[in-house]
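I have placed the structure first, in the form of structure tokens, so that the comments after it can refer back to it.
The values are calculated or read from the model by the stated rules, or taken from the named source; none is laboratory data. Treat the numbers as computed from the prediction; the structure is a model and nothing was measured. As a convention, Cβ positions derive from the backbone with ideal geometry for all residues, glycine included, and neighbour counts pool all protein chains shown.
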Amino acid sequence: MALRVYNTLNGKKEEFVPITPPKVGMYACGVTVYDYCHIGHARSAIAFDVIRRYLEFSGFDVTYVRNYTDIDDKIIAKSLEEGTDWREIADTFIRVHDEDMDALGISRAHAEPRATDYIPQIIDTVKTLVEKEFAYDIEGDVYYEVGRFDQYGKLSGRKPDELRAGARIEVDERKKDPLDFALWKKSKPGEPRWESPWGDGRPGWHIECSAMSMALLGQPFDIHGGGKDLIFPHHENEIAQSETANDKPFAKYWIHNGFVNIDNEKMSKSLGNFFTIREVLEKFPAEIVRFFLLSTHYRSPLDFSDFHMDEARVRYERFMNLFVRVARAGRLDRDVDTDEGESLRYLTEDARPAFVEAMDDDFNTAAALGHLFSALPVLNAVLDRADASDGTVSKGWREGVDGFFTELGPVLGFFEDGIAEGNRYFGIEDAGGAPDDEARVLLAEREKVRQDKDWARADELRDQIAELGFSIQDTPQGAVLVPVKDRVS
């Protein structure tokens, strides 16, 4: 099946055909750098990180651009409130943004432009719009005239009259139409300013992304993305000004990720249910945050809560437990046996094609993870058999398992070190990953007292084993020890 993506512009899934294959130009709207990033920012960044990774996995030559809005009303307001230079605020929160994204395993974009580095391109675009009479100057403020663009509303699928009702639009009685939006703003005393044909001022928000994306990717380019909240007015306005200025389509595919809710309520500072990435990472490992965010399709709403995060931890640790078991098993340089061969056949002929098919269906990470999960019982069965005999597997089988996860896992941002990730995640320093001898002795005693039906003593031994940093996993061939995250010293 060819890759299909949901295009907001047409409201349906379409086969993905780049403008100049195999090259793909991709732009995702970044953050306004005036505060710490929240979990909603994390979702969007991870969604487009995975889209970029899968396109590269599929053989496309991707140029990925993610911007910083480093001049904006919110930045200026914070600057005036704190008496801090606006550049210092922008620099500070660009740095903390990068630290947060690095912590979540999000790859750096190929280009990460700041809006203030593109002032000349912004001014040139505004000049073009004024010359074409699609923009007008009022005392140093320049507005785009929405009524001149007959396709306005094509991204949101709504007519201008519908958009005017209760829309998030700037109020200014001087505008010809409430929907008209600022391309250039006259600077007030104490505000940052740049020289322009209309007087000293600064760019409007919407024109920044148009200028940066066109300068770095050209027009049209393949993918423009961001959160659903950007469809209107931001992306709608980008289309209007860009297509008017250059008389050609702006972007071919528009991709938008869904919202994050907190305990079934929309995340909001006013509701007190607003969580920064840093706050979340204080409670949960980065791998779990990423795993949770990818466990739902990127376009669907996602409910964030400690309960759901704990569920994600349990599911992620099933992979880590498998990896530790594989690392713990002895390896012999012998031929792959029948059971091992059948499990490897499942990986290559069933799980891998199903994973690719899921990702080809509009980057369905939830289904793709499900197909990785399907491999766990198949592989654990091989290890159960090994535990019941001499505790060894073939070198070829171990390499096949490692290769499966190191090929597919990094598409989602996981398992780049393969089965070695299990020991790293659980903090096991022993390269072999073998449980402590003391825990093995206690496990053997527990099995004996269970046979004697001394349940109280069995529970005591289970608790002692837990104190050593292991849980007990029952298998058809008997009980095995599994490290427990954050309890292994």
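Do we find a residue being surrounded by fewer than 16 Cβ atoms within 10 Å (Cβ to Cβ), farther than 16 Å from G413 by Cβ and among the polar types (S, T, N, Q) anywhere in segment 66-84?
yes
Looking at this structure, is D124 of a type outside the set (K, R) and either modelled with pLDDT of 95 or more or not assigned by TED's automatic domain parsing to the domain that holds K188 (or both)?
Here the answer is yes, as D124 does meet what is asked.
Regarding segment 8-19, can at least one residue be identified that is buried (at least 16 other Cβ atoms within 10 Å of the Cβ) and touching a helix residue (DSSP H, G or I) at 6+ places or on another chain (Cβ under 6 Å)?
Scanning segment 8-19, I find no residue that is buried (at least 16 other Cβ atoms within 10 Å of the Cβ) and touching a helix residue (DSSP H, G or I) at 6+ places or on another chain (Cβ under 6 Å), so the answer is no.
Which one is nearest to T244 (Cα to Cα) among residues in segment 135-149 that are in a loop (DSSP other than H, G, I, E, B) and within 37 Å of the chain's Cα centre (by Cα)?
Checked segment 135-149; the qualifying residue nearest to T244 (Cα to Cα) is F149.
At least 1 residues that are closer than 28 Å to V24 by Cα in each: list the helices (runs of 4 or more DSSP H) lying fully within segment 250-349 that qualify.
Working: elements: 277-283, 286-294, 306-328, 338-346.
Those helices (runs of 4 or more DSSP H) span 286-294.
Among the listed residues I239, I231, identify the single one that is within 17 Å of V146 (Cβ to Cβ), at pLDDT 95 or above and surrounded by 19 or more Cβ atoms within 10 Å (Cβ to Cβ).
I239
Got a sec? Which of Y298, Y316 is closer than 30 Å to L217 by Cβ, among the aromatic types (F, W, Y) and modelled with pLDDT of 95 or more?
Answer to the selection: Y298.
All but one of (1) modelled with pLDDT under 95; (2) under 19 Å from H235 (Cβ atoms); (3) hydrophobic (A, V, I, L, M, F, W, C) hold for F134, so report the exception by its number.
Result: F134 passes all but (1).
Check R158 against each of (1) surrounded by 19 or more Cβ atoms within 10 Å (Cβ to Cβ); (2) within 24 Å of N7 (Cβ to Cβ) and name the one condition it does not meet.
Exception for R158: condition (1).
Just one of (1) in a helix (DSSP H, G or I); (2) within 34 Å of the chain's Cα centre (by Cα); (3) not aromatic (F, W, Y) trips up K127, so point out which.
(2)
Taking only segment 106-120 into account, find how many residues are surrounded by fewer than 19 Cβ atoms within 10 Å (Cβ to Cβ), in contact (Cβ under 8 Å) with a residue 60 or more places away in the chain and closer than 15 Å to A245 by Cβ.
0
Please find, within segment 268-314, the residue that is surrounded by the fewest Cβ atoms within 10 Å (Cβ to Cβ) out of those that are among the basic types (K, R) and under 24 Å from S107 (Cα atoms). Give the steps one after another, and end with the answer.
Filtering segment 268-314 down to residues among the basic types (K, R) leaves 269, 278, 283, 290, 299, 313.
Checking the rest, the ones that are also under 24 Å from S107 (Cα atoms) come to 278, 283, 290, 299, 313.
On the way: R278: 14, K283: 11, R290: 24, R299: 16, R313: 19.
Selected residue: K283.
Kindly establish whether D384 is part of a helix (DSSP H, G or I), buried (at least 17 other Cβ atoms within 10 Å of the Cβ), at pLDDT below 95 and out of contact with any His (no Cβ under 9 Å at 6 or more places or on another chain).
Numbers: part of a helix (DSSP H, G or I): yes; buried (at least 17 other Cβ atoms within 10 Å of the Cβ): yes; at pLDDT below 95: yes; out of contact with any His (no Cβ under 9 Å at 6 or more places or on another chain): yes.
Against the criterion (part of a helix (DSSP H, G or I), buried (at least 17 other Cβ atoms within 10 Å of the Cβ), at pLDDT below 95 and out of contact with any His (no Cβ under 9 Å at 6 or more places or on another chain)), D384 qualifies.
On the basis of being at pLDDT 85 or above, of a type in the set (V, I, T), in the same structural domain as R345 (by TED's automatic domain parsing) and within 30 Å of Y298 (Cβ to Cβ), does V411 make the cut?
In short, yes.
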